[in-house]
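Here the structure is laid out as structure tokens; the discussion comes afterwards.
The values are calculated or read from the model by the stated rules, or taken from the named source; none is laboratory data. What you are looking at is a predicted structure, and each value in this text was computed from that prediction instead of being measured. When we count neighbours, we look across all protein chains shown, and the Cβ atoms used for this are built from the backbone with ideal geometry, even at glycine.
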Amino acid sequence: MKKTKILFVDDDPDFSEASKTVLEQAGYEVIHAQNGKKGLESAKKDKPDLIILDVMLPDINGFSVCRELKETPKYSSIAIILLTAIGATPESYAENIAKEHKADCYLSKPVDTQKMIETINDLLIKTRPAPKKERAKAKILLVDDDPDFIEATKQILIASQYDVVTAKDGDEGIAKARHENPDLILLDVIMPGKDGYTVCYELRKIAQTRPIPVIMLTAVGQQFSKPEYGVDIAIDHLADDYIDKPVNTSTLLKKIEKHLLFR
């Protein structure tokens with residue numbers, strides 16, 4: 001498991017080494033920088049999860065380092081703890097200045113190591129991105145009279161984390177569309193009974209199924225002197241998209257994702 005990375009910026013070698021040991025024993029990966037300039041460089045290069053930043057540094061003071069990072073969108077989410085020996089009381093000027101410079105927290109030296117660890121843990125919990133909710137599987141209705149094509153395409157869709165419902169002709173497709181309420185319909189044009197163009201047009205006349213994206217797929221385009229006629233007919237019958245058979249898997253998945261994105 002990847003360790004949480006902490007950048008420790010302080011010019012006191014003894015304090016830095018002692019703090020580094022404590023933090024590593026607590027399970028953190030620690031990077032040390034001995035002045036403000038190197039601290040800024042390390043923050044941008046190493047992308048730490050949290051920065052512990054001394055105020056009194058030999059070049060750039062910690063307040064300024066903190067403000068620069070917090071005002072740069074790319075690094076503003078990094079939690080920063082400012083610490084120093086100046087102003088030991090809770091309502092000190094140093095603490096107020098730290099807040100004005102957008103620090104997440106302020107600790108006075110000498111630092112109690114247990115309090116430092118607790119503060120780090122609290123800040124990491126607050127600033128850690130919330131876990132992404134697992135997206136519910138989109139349901140796709142596949143309407144085609146070719147059992148081999150249905151089975152092959154169904155396996156591709158299942159492998160791509162879609163739920164799949166199938167229908168073998170136009171009337172069954174309309175019934176399944178109303179009953180299953182799919183997120184998208186893949187609809188063949190050439191089928192026994194109602195052709196896919198007619199099915200698509202009828203689906204658009206039903207309030208429940210009207211919003212469902214429909215991608216038409218067929219080899220009929222190859223039979224026209226101008227294959228784009230197939231696309232034109234699909235559009236005339238209110239389809240959202242059209243793919244020629246044999247279907248390219250990558251093209252199919254990209255078009256599905258595109259139409260589900262705007263669903």
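It is to be established whether one or more residues within region 112-124 are at pLDDT below 95, under 21 Å from Lys3 (Cβ atoms) and either within 23 Å of the chain's Cα centre (by Cα) or not assigned by TED's automatic domain parsing to the domain that holds Asp12 (or both).
Applying the first criterion (at pLDDT below 95) to region 112-124 yields 112-124.
Checking the rest, the ones that are also under 21 Å from Lys3 (Cβ atoms) come to 113-114, 116-124.
Still in the list and also either within 23 Å of the chain's Cα centre (by Cα) or not assigned by TED's automatic domain parsing to the domain that holds Asp12 (or both): 123-124.
Scanning region 112-124, I find at least one residue that is at pLDDT below 95, under 21 Å from Lys3 (Cβ atoms) and either within 23 Å of the chain's Cα centre (by Cα) or not assigned by TED's automatic domain parsing to the domain that holds Asp12 (or both), so the answer is yes.
Could you grab me the full set of residues in region 15-42 that are among the small types (Gly, Ala, Ser), buried (at least 17 other Cβ atoms within 10 Å of the Cβ) and in contact with a helix residue (DSSP H, G or I) (Cβ under 6 Å, 6 or more places away or on another chain)?
Once the filter is applied, which keeps residues that are among the small types (Gly, Ala, Ser), buried (at least 17 other Cβ atoms within 10 Å of the Cβ) and in contact with a helix residue (DSSP H, G or I) (Cβ under 6 Å, 6 or more places away or on another chain), region 15-42 yields Ala33, Gly36, Gly39.
For region 181-211, how many residues are surrounded by 15 or more Cβ atoms within 10 Å (Cβ to Cβ) and of a type in the set (S, T, N, Q)?
Total meeting the criteria: 2.
For region 156-209, give me the residue count where each residue is closer than 22 Å to Leu252 by Cα and outside any helix (DSSP H, G or I).
Result for region 156-209: 23.
Look at Lys139 and say whether it is of a type in the set (Lys, Arg), touching a helix residue (DSSP H, G or I) at 6+ places or on another chain (Cβ under 7 Å) and modelled with pLDDT of 90 or more.
yes
Enumerate the strands (runs of 3 or more DSSP E) found wholly within region 4-82, keeping only those where 1 or more residues are closer than 19 Å to Asp112 by Cβ and in contact with a His (Cβ under 7 Å, 6 or more places away or on another chain).
Fully inside region 4-82 and qualifying: 5-9.
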